[in-house]
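The values are calculated or read from the model by the stated rules, or taken from the named source; none is laboratory data. Source: prediction; values computed, not measured. As a convention, Cβ positions derive from the backbone with ideal geometry for all residues, glycine included, and neighbour counts pool all protein chains shown.
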Amino acid sequence: MYKCVLAFALSLAALAQAPTTDRVGFPEGYQKWTVLYTLDRSDNKQLRTIYGNEIAASVKDGGQANYPYGSVVVLETVAALKDADGNAVLDNRGRYQKDPAATPTINTMRKEKGFGAAYGAIRNGEWEYVAYTPAKTFSTAPQNSTTCANCHLQAGQGKDWVFRASGHFKNGVTESLGAVPSAIIKNYAFVPAVLTVKSGTFVTFYNDDVVAHNIADDFQGGWISANLQAGSGTQGILFTIPGEFNFHCAIHPNMKGKIIVVP
Ligand SMILES: [Cu+2]
């Protein structure tokens with residue numbers, strides 16, 4: 001009986017391989033690093049801010065398959081500011097704001113020569129993962145970071161196991177990257193084609209298609225967005241005046257949409 005339990009415990013340990021010591025290190029002063037992007041996580045009303053140290057932030061479009069040694073990327077997660085009904089209180093760009101009373105979690109990944117071997121079959125190149133509290137204690141200790149490596153496998157070797165950074169590099173309009181979209185562009189269509197919003201609403205479009213599109217006012221000589229890149233481009237527009245905004249894609253003029261702004 002005892003033998004059996006022991007064997008089971010051993011096999012779990014063999015599966016859940018991870019580094020046993022912290023070689024990542026608390027990312028001192030990360031709030032002053034370059035913000036790669038922010039993500040409003042609507043399912044759990046959480047604001048995620050992704051910071052890169054100087055080395056990680058130096059990676060340019062096309063260089064993402066191979067971050068240089070010394071790269072440190074931080075994903076700070078913190079509860080968003082909410083109203084009494086539990087809805088996120090948006091800032092003037094239509095984005096989540098940090099709840100100053102909430103305690104952030106500081107998820108950190110560091111790449112160094114030879115790192116990552118301890119993860120065995122779920123190794124993510126030369127990255128190791130640790131999550132910290134602001135008090136510099138472990139939120140996820142190195143021994144438990146198997147979950148981190150296992151999930152980051154999804155980002156893939158082609159992106160050096162870093163998610164979403166393509167948005168940061170390729171998107172001409174980074175301002176609203178990471179906002180929850182109110183409308184998407186897919187298969188040469190604005191979805192929904194007609195959207196009704198209250199004045200004061202920040203509408204974010206996300207291009208989920210495989211080619212670039214843009215948003216152009218039907219009014220001759222009117223406003224036109226930058227080209228929104230496939231799979232990452234976003235555009236936020238704040239609607240303050242009640243009325244109708246009729247628009248199309250200037251690249252594919254038969255793509256049409258309408259936003260009705262009500263008081
Ligand atoms: Cu188009």
*List pairs: first in region 240-252 and closer than 13 Å to residue 189 by Cβ, second of a type in the set (Ser, Thr, Tyr), Cβ under 7 Å, 6+ apart or cross-chain?*
252/188
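State which residue is farthest from residue 260 (Cα to Cα) when the search covers only region 180-215 and only residues that are touching a Gly at 6+ places or on another chain (Cβ under 6 Å) and crowded, with 18+ Cβ neighbours inside 10 Å. Explain how you work it out, then say what you get.
Of all residues in region 180-215, those touching a Gly at 6+ places or on another chain (Cβ under 6 Å) come to 190, 193, 202, 204, 207.
Narrowing further to those that are crowded, with 18+ Cβ neighbours inside 10 Å: 190, 202, 204, 207.
On the way: 190: 14, 202: 13, 204: 15, 207: 20 Å.
Taking the candidates together, the pick is 207.
One line per residue, one yes/no per condition, for (1) within 14 Å of residue 183 (Cα to Cα); (2) acidic (Asp, Glu):
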residue: 209; (1), (2): yes, yes
residue: 218; (1), (2): no, yes
residue: 230; (1), (2): no, no
residue: 235; (1), (2): yes, no
residue: 243; (1), (2): no, no
*asked:* Can you list the strands (runs of 3 or more DSSP E) lying wholly within region 153-244 that have 3 or more residues being at pLDDT 85 or above and either within 16 Å of the ligand (Cβ to nearest atom) or under 30 Å from residue 128 (Cβ atoms) (or both)?
replied: 183-186, 189-191, 201-207
*Of everything in region 119-152 that's small (Gly, Ala, Ser) and in a strand (DSSP E or B), which residue is farthest from the chain's Cα centre (by Cα)?*
139
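May I ask you to list the residues in region 37-54 that are farther than 25 Å from residue 82 by Cβ and not polar (S, T, N, Q)? Before the answer, list the steps.
Kept after step one, since they are farther than 25 Å from residue 82 by Cβ, are these residues of region 37-54: 52-54.
Within region 37-54, 52, 54 qualify.
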*Selected residue (criterion: nearest to the chain's Cα centre (by Cα)) from residues of region 245-263 that are buried (at least 18 other Cβ atoms within 10 Å of the Cβ) and near the ligand (Cβ under 9 Å from one of its atoms)*: 249
